[in-house]
Structure formats: structure tokens, C-alpha cells
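Colleague: Before we start, here is the structure in question, set down as C-alpha cells.
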Amino acid sequence: MIGAVRRITVSAAVLSLAWLVLLPYTAAACEVCWGANATANPTTQGISMAMLLLIGVTGFVGGGVGAFFLRMRRRARLLARGEAVMTEEGELRPVKGDFT
């Protein structure tokens, strides 16, 4: 399973790189932004702020999803090792002592 995921990831990276190398005009900026002075043009300022907002929202959501899966992995490991038990409410309780 891990080998298949790694193979897909490497394939996607190679295809993306080949696409950018063979078709560089698709990665170039649009006519509005190309060579524009960001402080003088309100359109360019608006586009820049919109891109920053979208990158920020995407990073925030992606970070939340990643944190959720890391938490679930930690909980599963604690249960599998017998270091914790799950209550009826879905909370983890240490078997003895405290979580480390």
C-alpha cells in the first residue's frame, strides 16, 4: 500500500515538473500582473490580497485536517499498545499514570 502511494506521488511530481518545463507559458503570470507595480495598481493589489487570503485559508484548513489525522493516529497507537482505554463518551483514559 505504501509503495503504491509513493509511486503515485512520484509520478504526479514528475508529471507536474514535465508540464512546467514543456509548457512554461502556462506557469507565467497573467497580463494584469506581469511586470505591474503592485503599489500603483489597485487591481494588482486586490489580486495579491485575494491570493494571500486563499493561500491562508487553504493552509489553515489543511493544517486542521492534518492535526486531526495526527491526533487520531496518536489515539490509535495508545489504544493498540494498551496504554489507554476508551470510555463510553469516547474519551481516552490512561491505564496507569499519565500520558507521556
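The values are calculated or read from the model by the stated rules, or taken from the named source; none is laboratory data. Everything numeric here is computed off the predicted structure, so don't read it as measured data. When we count neighbours, we look across all protein chains shown, and the Cβ atoms used for this are built from the backbone with ideal geometry, even at glycine.
Colleague: Out of (1) exposed (fewer than 10 other Cβ atoms within 10 Å of the Cβ); (2) at pLDDT 85 or above; (3) not in a loop (DSSP other than H, G, I, E, B), what's the single condition that is false for Tyr25?
Modeller: Going through (1) exposed (fewer than 10 other Cβ atoms within 10 Å of the Cβ); (2) at pLDDT 85 or above; (3) not in a loop (DSSP other than H, G, I, E, B) one by one, Tyr25 breaks only (2).
Colleague: Got a sec? Which of Ala18, Ala36, Ala67 is modelled with pLDDT under 80 and of a type in the set (A, V, I, L, M)?
Modeller: Ala36
Colleague: Please work out which residue is modelled with the highest pLDDT, limiting yourself to the stretch 75-88 and to residues that are of a type outside the set (Gly, Ala, Ser) and surrounded by fewer than 12 Cβ atoms within 10 Å (Cβ to Cβ).
Modeller: Only one residue fits best here, namely Arg77.
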